[in-house]
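Undergrad: Input: one structure, supplied below.
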Amino acid sequence: MNLKGRSFLTLKDFSTEEIEYLIDLAADLKAKKKQGITGSSLKGKNIALIFEKPSTRTRCAFTVGCIDEGGHPEYLGKDDIQLGYKESVEDTARVLGRMFDGIEFRGFKQETVEKLAKYSGVPVWNGLTDSYHPTQILADFLTLKEQFGHLKGLHFVYTGDGRNNMANSLMIGSSKLGLHFTILAPKSLWPGEELVTLCKAYAKDSQGTITITDELEAVKGADAIYTDVWCSMGEEALAAERIALLKPFQVNQQLMDKTGKDNTIFLHCLPAVKGNEVTEDVFEKHADVVFDEAENRMHTIKAVMVATLGN
Ligand code: CP
Ligand code: NVA
């Protein structure tokens, strides 16, 4: 599998085999790191980490993953550079592309990460935009694979804000990898028709299915239940409205019981607002797997950098 020079902007751009390859590479890098073995595939490479929005996991994963492989990461926060206000995205991209070998971007518009890729001439990795969060999906799927040994055929339910970056990216990833994926959300927060249609076509090829519903009974038989914050970064003003709308879609013990299974796992991309999208008791009961998932951000992001930029 050769992904050298490729950007990682959305999972739409990657085939089933390419996504599976990145997950397996991450598992391999993780096993090596557990034995104290790190690599040198990013030796001599400099990586720019642009963050318009805050981050714990993604920033740390890119930093540690890069250093583990011998590279140098440089953090550029929103007040450090003039991206998009005093200097255009196109010009910033052309400057950074002359100095850096790869660029991570987290921020608002998907268009920005696409422009960075177009104008920098180096691999660009999406560390979250309003539309997508593709590196998170690799960590989620690595965690599912660790728990169940496979991905194809798993019944995977996402509940909460059904049209945010996580819902969109989980739907793309699940439909490419043959999972039975359900978005459980109030109708006003269902994903865009166009993306659902595209994912249904992917699912047809992978023997997966996509279901969008507001019926809580849809969790029956779920192998995994996933949720995310009710207000994504930048949406804080909507808190009261979202709490009222999403309260019935909270992951609590009653919802977990509705699966009818005693081995359903709970996943969350984090950060979590306990008491909103998930109760403290459900979160703590499943904390080991949730923090495996957080750790897996590092191994999977390292895999993306190694695959697209490594020697
Ligand atoms: N899950 C995730 O992206 O976490 P951060 O916002 O801390 O990077
Ligand atoms: N939907 C969340 C994901 C955080 C990792 C947000 O965009 O804030």
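Quick note: the coordinates plus some simple rules give every number you see, no bench work behind them. Treat the numbers as computed from the prediction; the structure is a model and nothing was measured. With ideal geometry, Cβ positions are generated from the backbone for all residues, glycine too; neighbour counts draw on all protein chains shown.
Undergrad: Rank these for me by crowding, HIS286, HIS150, going from fewest to most other beta carbons within 10 Å.
TA: Fewest to most other Cβ atoms nearby, the residues stand as HIS150, HIS286.
Undergrad: Cα-based Rg (one decimal) and Dmax (whole number) for segment 192-311, in Å?
TA: Rg and Dmax of segment 192-311, Cα atoms, are 16.8, 51 Å.
Undergrad: Then there's this: Running Debye on segment 206-268 with equal point scatterers at the Cα sites and no solvent, what base-10 log of I(q)/I(0) appears at q = 0.12, 0.15, 0.30 Å⁻¹?
TA: -0.38, -0.57, -1.31
Undergrad: A further question on this structure: In nm, to one decimal, how far is the LYS43 label point from the GLN253 one, both placed 7 Å along Cα→Cβ?
TA: 5.5
Undergrad: Could you please rank THR16, THR308, placing first whichever residue has the fewest other Cβ atoms within 10 Å of its Cβ?
TA: The most exposed by this proxy come first: THR16, THR308.
Undergrad: Moving on. List, largest first, the extents of the alpha carbons of the chain along their principal axes, each in whole Å.
TA: Here the Cα extents, ordered largest to smallest, are 54, 44, 36 Å.
Undergrad: Sorted from fewest to most neighbouring beta carbons within 10 Å, what does the list ILE265, ILE67 look like?
TA: Numbers: ILE265 21, ILE67 15.
Fewest-to-most Cβ neighbours within 10 Å comes out as ILE67, ILE265.
Undergrad: In the structure shown, do any of LYS30/LYS78; LYS86/LYS115; LYS53/LYS145; LYS4/LYS200; LYS187/LYS247; LYS152/LYS261 have a Cα-Cα gap over 23 Å, and if so which?
TA: LYS30/LYS78; LYS53/LYS145; LYS4/LYS200
Undergrad: Still on this structure: Give me the distance in nm between label points sitting 7 Å out from Cα along the Cα-to-Cβ direction at PHE291 and SER15, one decimal.
TA: That separation, rounded to one decimal, is 4.0 nm.
Undergrad: If you average the sequence gap of Cα pairs under 8 Å that are 6 or more apart and divide by the length of segment 1-148, what percent do you get for the contact order?
TA: 28
Undergrad: Could you give the Stokes-Einstein D for segment 22-108 in µm² per second, using the C-alpha Kirkwood radius, 4 °C, 1.567 mPa s?
TA: For the chosen part, D equals 92 µm²/s.
Undergrad: Angle, helix 287-309 long axis vs. longest principal axis of the chain, Cα atoms, 0 to 90°, nearest 10?
TA: 30
Undergrad: I've got another one for you. Would you look at the GNM of the chain, springs on alpha carbons closer than 10 Å, and say which of ASN46, ASN164, ASN296 moves the most?
TA: ASN46
Undergrad: How big is D for segment 149-203, in µm² s⁻¹ as a whole number, if Stokes-Einstein is applied with the Kirkwood radius of its Cα pairs at 20 °C and 1.002 mPa s?
TA: Working: Rh = 11.1 Å.
Answer from the Stokes-Einstein relation: 192 µm²/s.
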